[in-house]
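Visitor: Structure provided below as structure tokens; questions to follow.
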Amino acid sequence: MEIKKNWHQKHHETLSFGSHLADSVAKGMGSWTFIIVQTVLVALWMGLNFAAYIFHWDPYPFILLNLVFSTQAAYAAPIIMMAQNRQNDRDRMQAQADYQTNIDAKLEIEALAIKLKSLETDKLDKIIEMLNKMKSENTK
């Protein structure tokens, strides 16, 4: 028995390695874990530079640290935008799947309504026929 895949599974299988990587990076960068780890690293960087009496590898105003952040931002922004574009694609696919489901449901409901109407008409015809029979038997 073959298990049908939903639109999300099909879409996920079509993504390239780069797309999976971009989604993972964007997910990681948008987490509290990333913010906490980055805050700890920045505090360590600054603390070690203040505490180093002999060799300051990045003295105040921490130009090297600013360069690291600029480089991180230069790579992070397009990666996050790629992930957002894929999210927009997924949202469009979800909306299309929902729309198709609604169309299919509407067609089924209309077919059921027609069937119920024909059943009601058949029943009413039978009731009228029975009443006419009863009326004709009573008039005899």
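The values are calculated or read from the model by the stated rules, or taken from the named source; none is laboratory data. Owing to the predicted nature of the structure, the values given are computational and were not obtained by experimental measurement. Glycine gets a Cβ as well: all are built from the backbone with ideal geometry, and neighbour counts include every protein chain shown.
Visitor: Looking at (1) farther than 30 Å from D23 by Cβ; (2) part of a helix (DSSP H, G or I); (3) among the aromatic types (F, W, Y), can you tell me which one W45 breaks?
Guide: So W45 meets the others, but not (1).
Visitor: Please work out which one of (1) modelled with pLDDT of 90 or more; (2) surrounded by 10 or more Cβ atoms within 10 Å (Cβ to Cβ); (3) among the hydrophobic types (A, V, I, L, M, F, W, C) is the condition L48 fails and give its number.
Guide: The one condition L48 does not meet is (1).
Visitor: Please identify the pairs in which a residue from segment 31-48 that is over 17 Å from P59 (Cβ atoms) has its Cβ atom under 8 Å from the Cβ atom of a residue that is assigned to a helix (DSSP H, G or I) and not hydroxyl-bearing (S, T, Y), counting only partners at least 6 apart or on another chain.
Guide: Pairs found: F34/G28.
Visitor: Between a first residue in segment 1-30 that is of a type in the set (D, E) and a second residue that is modelled with pLDDT of 75 or more, which pairs have beta carbons less than 7 Å apart while being 6 or more apart in sequence or on different chains?
Guide: D23/A83; D23/R86
Visitor: Also, I was wondering about something else. All but one of (1) at pLDDT 85 or above; (2) surrounded by 12 or more Cβ atoms within 10 Å (Cβ to Cβ); (3) out of contact with any helix residue (DSSP H, G or I) (no Cβ under 7 Å at 6 or more places or on another chain) hold for L15, so report the exception by its number.
Guide: Among (1) at pLDDT 85 or above; (2) surrounded by 12 or more Cβ atoms within 10 Å (Cβ to Cβ); (3) out of contact with any helix residue (DSSP H, G or I) (no Cβ under 7 Å at 6 or more places or on another chain), L15 violates only (1).
Visitor: Report, ordered by the first and then the second residue, all pairs with beta carbons closer than 6 Å, sequence separation of six or more or different chains, a first member in segment 65-77 that is free of Cβ contacts under 8 Å to residues at least 60 places away in the same chain, and a second member that is part of a helix (DSSP H, G or I) and surrounded by 10 or more Cβ atoms within 10 Å (Cβ to Cβ).
Guide: Sorted first by the residue in segment 65-77, then by its partner, the pairs are L65/W45; A76/M29.
Visitor: On the basis of being touching a residue at least 40 places away in the same chain (Cβ under 8 Å) and in contact with an Asp or Glu (Cβ under 7 Å, 6 or more places away or on another chain), does R86 make the cut?
Guide: Working: touching a residue at least 40 places away in the same chain (Cβ under 8 Å): yes; in contact with an Asp or Glu (Cβ under 7 Å, 6 or more places away or on another chain): yes.
Judged against the criteria, R86 is a match.
Visitor: Which numbered condition trips up K123, out of (1) surrounded by 10 or more Cβ atoms within 10 Å (Cβ to Cβ); (2) under 30 Å from V25 (Cα atoms)?
Guide: Of (1) surrounded by 10 or more Cβ atoms within 10 Å (Cβ to Cβ); (2) under 30 Å from V25 (Cα atoms), only one is false for K123: (2).
Visitor: Given (1) in a helix (DSSP H, G or I); (2) modelled with pLDDT under 90; (3) surrounded by 10 or more Cβ atoms within 10 Å (Cβ to Cβ), where does F34 come up short, assuming only one miss?
Guide: Failed condition: (2).
Visitor: Also, quick follow-up: When segment 8-24 is examined, which residues are found to be assigned to a loop (DSSP other than H, G, I, E, B) and either in contact with an Asp or Glu (Cβ under 7 Å, 6 or more places away or on another chain) or of a type in the set (A, V, I, L, M) (or both)?
Guide: The one that is assigned to a loop (DSSP other than H, G, I, E, B) and either in contact with an Asp or Glu (Cβ under 7 Å, 6 or more places away or on another chain) or of a type in the set (A, V, I, L, M) (or both): L15.
Visitor: Checking the conditions here, which among M82, M134 is in contact with a helix residue (DSSP H, G or I) (Cβ under 8 Å, 6 or more places away or on another chain) and modelled with pLDDT of 85 or more? Step through it out loud before you land on a result.
Guide: On the way: M134 fails: in contact with a helix residue (DSSP H, G or I) (Cβ under 8 Å, 6 or more places away or on another chain).
Of M82, M134, the one residue that is in contact with a helix residue (DSSP H, G or I) (Cβ under 8 Å, 6 or more places away or on another chain) and modelled with pLDDT of 85 or more is M82.
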